[in-house]
1. Roughly how many whole Å is it from the C-alpha centroid of chain B to that of segment A:85-150?
2. Between A:PHE49 and A:ALA25, what's the calculated FRET efficiency when r is the beta-carbon distance and R0 is 22 Å? Round to 0.05.
3. How much length is gained on full extension from A:ALA91 to A:LEU149, taking 0.36 nm per residue of separation minus their Cα-Cα distance?
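Throughout, read-outs are computed from the coordinates displayed, never taken from laboratory work. What you see is a predicted model; the values in this text were computed from it and never measured. Here the Cβ positions follow ideal geometry from the backbone for every residue, glycine too, while neighbour counts run over all protein chains shown.
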Amino acid sequence: MDAVTYPDEQVSAFITENFIPLRIASDAEPYSTDFMVQWTPRSIVVDSFGKVHQSEVGFFRPEEFVPSLVLGLAKTAFDQDQLEACKKHLAAILADYPDSAAAPEAAYLQGASGYKTTHQGGALKDAYHTLKDTYPESGWAKRALPYRLL
Amino acid sequence: MGNTVEWITDFKEAFDRANEEKKPVLLDFFNPQ
């Protein structure tokens with residue numbers, strides 16, 4: 001990540017604008033134990049209350065890391081019931097990074113956040129169709145399968 | 001903004017800033033070896 005991803009201009013600008021970047025050695029206690037770090041690189045999105053909203057292990061290319069970070073922002077907002085902010089981030093992933101690994105999960109969460117907003121099953125069914133049509137081999141398409149019945 | 005992430009290395013400082021700036025923390029664990 002140090003050689004390729006973090007020096008990337010888009011990555012560094014995105015991190016600087018949207019996060020407080022904290023770097024800890026994987027053998028530093030109590031943090032290594034608290035966050036159950038067994039392998040690096042490990043990138044964790046943590047809110048200001050110390051709650052984890054996304055935890056990723058392994059290398060990300062720059063073009064995959066930015067959408068992954070946007071997904072981390074979306075999941076933080078979703079978990080905090082900030083649904084409008086969540087939906088904004090998810091829409092950005094699907095519009096700007098449709099081929100990224102983060103996109104299928106964004107499509108799934110778009111259904112969930114839409115349902116939580118409207119309490120209508122249509123949002124979930126729309127997510128199912130988006131996943132079936134655009135990301136049919138993804139695990140998220142399989143998770144959305146029950147929504148086809150709505 | 002340049003092309004460098006300005007990493008904080010103090011846990012408390014990072015979370016104090018997170019509260020002040022209303023931003024989440026991106027916590028990166030790296031192999032020190």
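1. With chain B and segment A:85-150 each reduced to a Cα centre, they are spaced 30 Å.
2. Values: r = 24 Å, r/R0 = 1.07.
Approximately 0.40, to the nearest 0.05.
3. On the way: separation 58, 0.36 × 58 = 20.88 nm, distance 2.44 nm.
This chain segment gains 18.4 nm when fully extended.
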